[in-house]
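Written out below as structure tokens is the structure these notes cover.
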Amino acid sequence: MAWEALDRRTPVIDEKAAPLLSEAVREKIRSFFPRYETKRAVLLPALHVVQDALGHVGWQAMKEVAELLEIPPAQVFDTISFYTHFWTHAKGRKVIVLCRSLSCQLMGADAVQQAVQRQLGIGEHETTDDGEYSFVTEECLAACDHGPCMLINEKMHRNVRAADVPRLLADANNATLSIPRSTLFDAPTATDAADELETTSDVREMKES
Ligand code: FES
């Protein structure tokens, strides 16, 4: 029997596939260009915008970001693989991030982790079958005096006990923020698109007059 060696680590990108990034997403990324000296410096904002728009940054999206910023795709991958915030595969609608650093560990983070994994039936870096939750652990979440700390999307839960976990996960509002947040790195909204259209027509009118 003949053997064939396959390198399964090599990403396969369909060169003929339609672009993944919408024009609105590209335009939002371009809107960061004037803030920085080089397009390369826009990489982190671009990755935030793409992840917010698509849920994760896969190979095709990395390639398109690289083209937009005129940098090698390897630089995009280097950055993504450095920051655990970015996902290269689909994640759940809510991501649970449990702190695994010292203060939270001393206050019982291990028991909280076991309770979360038992409740959801998933391990670290896994997603529930219904696509609702993904689970990871991270280094310090910067609220050490309230450990154990756990983020659900962007909402911080402090002093979490293992016994709190079932109630916490059953709460539909467990990721709802009670404070205003910046939308700077969010995916473009319909309002952004309308503003863009207005700006474009203003510019056209100025040019024509
Ligand atoms: S050690 Fe857990 S938030 Fe800092």
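The values are calculated or read from the model by the stated rules, or taken from the named source; none is laboratory data. Keep in mind that what you see is a predicted model, and the values were worked out from it rather than measured. All Cβ positions, even for glycine, are placed from backbone atoms using ideal geometry, and neighbour counts span all protein chains on display. These area figures cover heavy atoms from the full protein model, side chains too; ligands, DNA and RNA do not enter into them. Shrake-Rupley method; radii C 1.70, N 1.55, O 1.52, S 1.80 Å.
Here is the figure for region 73-111: residues that are more than 12 Å from the ligand (Cβ to nearest atom) and surrounded by fewer than 13 Cβ atoms within 10 Å (Cβ to Cβ) total 7.
There is no residue in region 128-147 that is in contact with a Phe, Trp or Tyr (Cβ under 9 Å, 6 or more places away or on another chain) and on the phi > 0 side of the Ramachandran plot.
On inspection, Cys140 passes the criterion of being under 21 Å from the mean Cα position of the chain (by Cα), within 12 Å of the ligand (Cβ to nearest atom), farther than 20 Å from Leu169 by Cα and open to solvent by 50 Å² or more (accessible area, probe 1.4 Å). Against the definition (within 16 Å of the ligand (Cβ to nearest atom), closer than 30 Å to Gly123 by Cα and either at pLDDT 95 or above or open to solvent by 80 Å² or more (accessible area, probe 1.4 Å) (or both)), how does Gln51 come out, yes or no? In short, no. Being of a type in the set (Asp, Glu), open to solvent by 60 Å² or more (accessible area, probe 1.4 Å) and closer than 28 Å to Pro180 by Cα: is that true of Glu126 here? So Glu126 does not fit the description; no. Suppose the filter is open to solvent by less than 90 Å² (accessible area, probe 1.4 Å) and either under 20 Å from Val160 (Cα atoms) or part of a helix (DSSP H, G or I) (or both); does Val57 pass it? In short, no. Filtered by the rule that a residue be among the charged types (D, E, K, R) and touching a strand residue (DSSP E or B) at 6+ places or on another chain (Cβ under 9 Å), region 65-120 gives Lys91, Arg93, Lys94, Arg100. Scanning region 99-129 for residues that are under 16 Å from the mean Cα position of the chain (by Cα) and touching a residue at least 12 places away in the same chain (Cβ under 8 Å) turns up just one, Thr127. Here Leu151 qualifies as of a type outside the set (Asp, Glu), under 20 Å from Gly55 (Cβ atoms), at pLDDT 95 or above and within 12 Å of the ligand (Cβ to nearest atom).
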